[in-house]
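Trainee: Here's a structure for you.
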Amino acid sequence: MSAAIDYLGRRHAELERTEPEWLTATRDKAMQQVLASGLPTTRNEHWKYTNLRTLARRKFEPAAVAVDTDKIPSLVATGQPAASFVNGQLHELSVGDYPATTIAQLLEQQPETLNGRLSALVSYDKHPFAALNTAFFSDGIVIEVPAGAEYTTPLLLEFISAAAEQPALVCPRVLIVLGENAKLSVIERYAGLPGAQNLTNAVTEVHLGQGAQLSHYRLQELTEADTGMHLLAVHQGGDSMLRTHGVDLGGKLVRNDLHTWLCAPGATAELDGFYLAVASQHVDNHTRVDHSAPHTTSDENYRGVLADKARAVFNGKVYVAKDAQKVDARQSNRNLILSGKAEVDTKPELEIYADDVKCSHGATVGQLDEDAMFYLRSRGIGERTAKALLTFGFIEEILAGFGVAELRQYVETLVTERLPDSERLEVLT
C-alpha cells in the first residue's frame, strides 16, 4: 500500500463525524475500496500513460485549512449567482433565486433527500479517486431545477486551492438534477492560489430529465504544483441535451474523466475540450459516451497544445449497445506540438454492437501547418508572430463554441498569457 493511501486510511478512521448512518456506511464502503485497490498504476490500461508514483508518496491532510480569503481572485460579476469554496470549505454563497443548496446544509436539515442520490453514478472500482472523494468530502453544492424552469445566467461554482502547512486533500462535490424540460448553465472553476500544493479531487454527478438541457463549463487553472482530478458523470433522459466545455490550463498533474449515458431516444451530447500544457505539465483526459438507446447523438471534439516537456493523454471511447440502432456518433482529437520534447498519447475508440449506425473517430498529432506559415511570412509577418497567430487560431475554434461571452473572453486572456510568444499576441489581439 502506498504511503498516501496508508495515511489517508488512518485519518479516515480517526475523523469524528456527525452525520446520518447511511452516509457513514457509504463513506466506509468507498474507503474500503480505496484501501483494497490502492492508487492506479501504469499496469492499469486506463492509467497506462499517467504515472502516480510521486503522488502515492505524498501525505495529504483531509482537513479544513484557514486562509486569507481576501486574496482570492474571482470571476464573479456584480449580481452573478455564485458559490465559492476554499480547500473544500464554504467561503461564500450568493445564489439568489437559483435552486442551489450546500451539501452541509442539506445533511443538517434534510439528510434523507441525499440518501441514494450521492454516488448513484459512481463506480468505485472504475474511479478510485471518486471513491476517495466520497470517503472525505465535507461540503459541496446540490442544484435541483424543477420541471420547466429555465435559468439563463450561468451559476458560477468556484473551488479554490490555497496553500497550507501540509498539502491538503480537497474534495469538492456537486450534484445537479434537472427536471423535465428544465434548462441550466453552470461554470465550475478550479483555481489555485500561489504556493498551493494540494490534491483537488472533485466529483460532479448530473441527472438530466426528459428534454432537459445543461451547458456545463469546467475551467481548470490550478498552480504549477497542484494536482487535479475530476469526474463528471451524467445520466441523460430522452431528448435531453448535454453540452460540456472543458479547459485545462494549470496543474502539475491533471486527470479528467467524463462519462455520459444516453439512456433514451433523442438524447444528445456535445463534448468539447481544450488543454494547454507547458513546462513539465501532464494532462490526461478520459471520456466515455454510452449510447444505450437508439436514435441518440454525440459529437466530441478535443484539442491540445503542448510545449516544452509537457505530456498529454487522450482516451475517448464511444460505446453503442446492441439494440441502439440509428446512432450518430463523432469523435475527434487534434494536437499541436510546439516542442520536440513534448509528447501526446491519443487513443480514440469505437465499440459498436448495433449494425445501423453512423460512427466516426480520428486523431492527429502534428506541428504548425507549413503552408499557413509560408502564407503569413510572405505577407511580412515575422516567424514568431506567425507561430503565435496560428497557435491561437487552432485554439480559437474550440473557444468559439462557448455560449458565455464573458467566460470566453476570460479564457482567451488566460490562454494568450500562457502561450509561447504571448507578448506578440497581446499586441495583436
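The values are calculated or read from the model by the stated rules, or taken from the named source; none is laboratory data. Everything numeric in this text was worked out from a predicted model, so none of it was measured. Heads up, the Cβs are rebuilt from the backbone with ideal geometry, glycines too, and the neighbour counts pull from every protein chain shown. Surface areas here come from the heavy atoms of the whole protein model, side chains and all, with no ligands, DNA or RNA. Shrake-Rupley method; radii C 1.70, N 1.55, O 1.52, S 1.80 Å.
Trainee: Run the Debye formula on the Cα coordinates of region 155-284, all scatterers equal and no solvent, and tell me log10 I(q)/I(0) at q = 0.09, 0.13, 0.17, 0.21 1/Å.
Mentor: For the requested q values the scattering log ratios are -0.27, -0.54, -0.83, -1.11.
Trainee: List the longest stretch of the chain that has no exposed loop site; here a site is one of the GluC sites (Glu not before Pro) assigned by DSSP to anything other than H, G, I, E or B, with at most 12 other Cβ within 10 Å.
Mentor: Of all site-free stretches, the longest is 166-429.
Trainee: OK, next. Counting pairwise Cα distances across region 89-180, what percent come out greater than 20 angstrom?
Mentor: In whole percent, the share of Cα-Cα pairs in region 89-180 beyond 20 Å is 44.
Trainee: For the chain, what's the relative contact order in percent, using C-alpha pairs closer than 8 Å and at least 6 residues apart?
Mentor: Reported relative contact order: 9 percent.
Trainee: Under a 10 Å cutoff between Cα atoms, tell me which one of ALA405, ALA363, ALA168 has the largest fluctuation in the Gaussian network model of the chain.
Mentor: ALA405
Trainee: Work out how far the C-alpha atoms of the chain reach from end to end along every principal axis, then list the three figures in whole Å, largest first.
Mentor: Ordered largest first, the chain gives principal extents of 71, 54, 49 Å.
Trainee: Counting other Cβ atoms within 10 Å, keep those with at most 14, restrict to DSSP loop, and tell me which trypsin sites (Lys or Arg not before Pro) in region 238-322 are left.
Mentor: Passing both the DSSP loop test and the Cβ count: LYS322.
Trainee: While we're on this one: Net charge near LYS358: determine it from the other residues with C-beta under 12 Å of the C-beta of LYS358, scoring Lys and Arg +1 and Asp and Glu -1.
Mentor: The answer is -2.
Trainee: Starting from the Cα of GLU108, step 7 Å along the direction of its Cβ; do the same at THR18; then give the gap between the two resulting points in nm.
Mentor: 0.9
Trainee: Residue by residue through region 241-251, what is 3J(HN,Hα) from phi via Karplus (6.51 cos²θ - 1.76 cosθ + 1.60, θ = phi - 60°)? Round to whole Hz and write x for glycine and proline.
Mentor: 10, 10, 10, 10, 9, x, 10, 10, 10, x, x
Trainee: By Kyte-Doolittle mean hydropathy of at least 0.0 and Cα axial length of at least 15 Å, which whole DSSP H helices of the chain are selected?
Mentor: 383-399
Trainee: How large is the translational diffusion coefficient of region 98-236 in µm² per second when you combine the Kirkwood radius over alpha carbon pairs with Stokes-Einstein at 20 °C and 1.002 mPa s?
Mentor: Diffusion coefficient, whole number: 137 µm²/s.
Trainee: Share of antiparallel DSSP beta bridges in the chain, in percent to the nearest 5?
Mentor: 5
Trainee: Using a 7 Å offset from Cα along Cα-Cβ at LYS48, what residues in region 342-365 end up with backbone N under 12 Å from the label point?
Mentor: 345-349
Trainee: Right, another one. Connecting C-alpha atoms closer than 10 Å in a GNM of the chain, tell me which of THR18, THR416, THR113 has the biggest fluctuation.
Mentor: Per the Cα network of the chain with a 10 Å cutoff, THR18 tops the list.
Trainee: In whole Å and largest first, what semi-axes does the C-alpha gyration tensor of region 212-330 yield when each eigenvalue is scaled by 5 and square-rooted?
Mentor: Square roots of five times the eigenvalues give 30, 13, 10 Å.
Trainee: Write down the accessible area per residue of the chain in Å², having rolled a 1.4 Å probe over the full set of protein chains.
Mentor: Roughly 43 Å² per residue, with all protein chains present.
Trainee: Please report the spacing between the Cα centers of region 192-232 and region 153-171 in Å, no decimals.
Mentor: 10
Trainee: Which residue fluctuates most in the GNM of the chain (Cα springs below 10 Å): LEU262, LEU169, LEU390?
Mentor: Greatest mean-square fluctuation among the candidates belongs to LEU390.
Trainee: So what is the calculated 222 nm ellipticity per residue for the chain, using -39500 (n - 2.57) for each DSSP H run with n of 4 or more, over all residues, to the nearest 500 deg cm²/dmol?
Mentor: About -6500 deg cm²/dmol.
Trainee: Answer rounded, prolate or oblate for region 1-48, using the Cα gyration tensor with square roots of eigenvalues a ≥ b ≥ c: rounded when a/c is under 1.5, else prolate when a/b is larger than b/c, else oblate.
Mentor: Since a/c reaches 1.5 but b/c is at least a/b, the shape of region 1-48 is classed as oblate.
Trainee: Right, next: Per residue, what volume in Å³ does the Cα convex hull of region 202-254 take up?
Mentor: 54
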